[in-house]
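Structure record follows, encoded as structure tokens.
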């Protein structure tokens, strides 16, 4: 991680570039050995309610088989190896154990499903890591629950912005069509935030990906909670426009953009949006000094 004069943090996204696999145990060790202390990883819940570190609900092609994580116990998950490797999926316990001695670590922990928040907080507390963690989620339920457990924990809400960029309009239209026809074969659930939670709760619904689309102004209980903890919003840099970002800043929200992977784009969007945080898949950018 580097910090520029404008206080933009450059954070490793999924520990990419430190091993041939995302967020692996060896990748974690390699990053720490290179003194990369700011990084983001994702939490998923197994069938027996253990926590593993993986972005998608389902294992990808880099594994010897590709089940949904929520359909397997931790013991079953540990038997699934990376291809051409004896290593298996990283667990939350392994992550915390390796991170614990490194007091400089800032861990951006993206919780993908709601129902295991207390377990995650308790495990972090056992390792004295609560002050080293920022909780990210696409689910308001996760952030509400974390805030009720620990109202000083910094929180970050990820969502898709509904604004006037071409990419934003296309993705929003696709989401509305998907929502109407309930295309669910990939276990992806989309909410239009204005009518979110209308008779639905994502708590204890494991094995799904969730996403929200939000118009400006951003209002309600979630905004109040974010503002109370110096909160962050996490956005795809290709979808936003300056007016959208400025509205969020006026609401005293920090801005995180993902995933900016070239020096050219990092220069361009740092100058355009002045984000507080940038997530990158390009490990070489973590040591760059060119940001003004």
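Every read-out reported here was derived from the displayed coordinates using simple, explicitly stated rules and does not represent laboratory data. All of these numbers come straight from a predicted model, not from anything done at the bench. Please note: Cβ atoms are built from the backbone with ideal geometry, for glycine as well, and neighbour counts cover all protein chains shown.
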Potential lengthening between residue 211 and residue 167 on full extension [0.36 nm per residue; Cα-Cα distance subtracted] = 14.2 nm
Difference of contour (0.36 nm per residue) and Cα-Cα distance, residue 56 to residue 187 = 46.1 nm
Residue order, fewest to most beta carbons within 10 Å, for 284, 88 = 284, 88
task = For residue 75 and residue 122, compute 0.36 nm times the residue count separating them, minus their Cα-Cα distance, and round to one decimal in nm.
result = 14.8 nm
Per residue, the convex hull volume that the Cα atoms of the range 9-287 enclose (Å³) = 130
request  = Sort 153, 77 so the one with the fewest other Cβ atoms within 10 Å of its own Cβ comes first.
outcome  = 153, 77
note = For the range 29-111, the convex hull over Cα atoms projects on average to an area in nm² of 5.5
ask   = Relative to a virtual label point 7 Å from the Cα of residue 49 in the Cα→beta-carbon direction, which members of the range 71-105 show backbone nitrogen distances below 14 Å?
value = 74
key: the range 9-287, relative contact order [Cα under 8 Å, separation at least 6], %   = 19
request  = Kindly work out what percent of the DSSP beta bridges joining two residues of the chain are antiparallel, to the nearest 5.
outcome  = 20
Distance between modelled label sites at residue 65 and residue 130, nm, 7 Å Cα→Cβ extension = 4.0
query = the range 68-179: Rg/Rh from Cα coordinates, Kirkwood Rh?
reply = 1.05
query = What ranking of 204, 22, 276 emerges when the number of other C-beta atoms within 10 Å of each C-beta is taken as an exposure proxy, fewest first?
reply = 204, 276, 22
message = Contact order normalised by length for the range 207-275, with contacts defined as Cα pairs under 8 Å and 6 or more residues apart; what percent is it?
response = 31
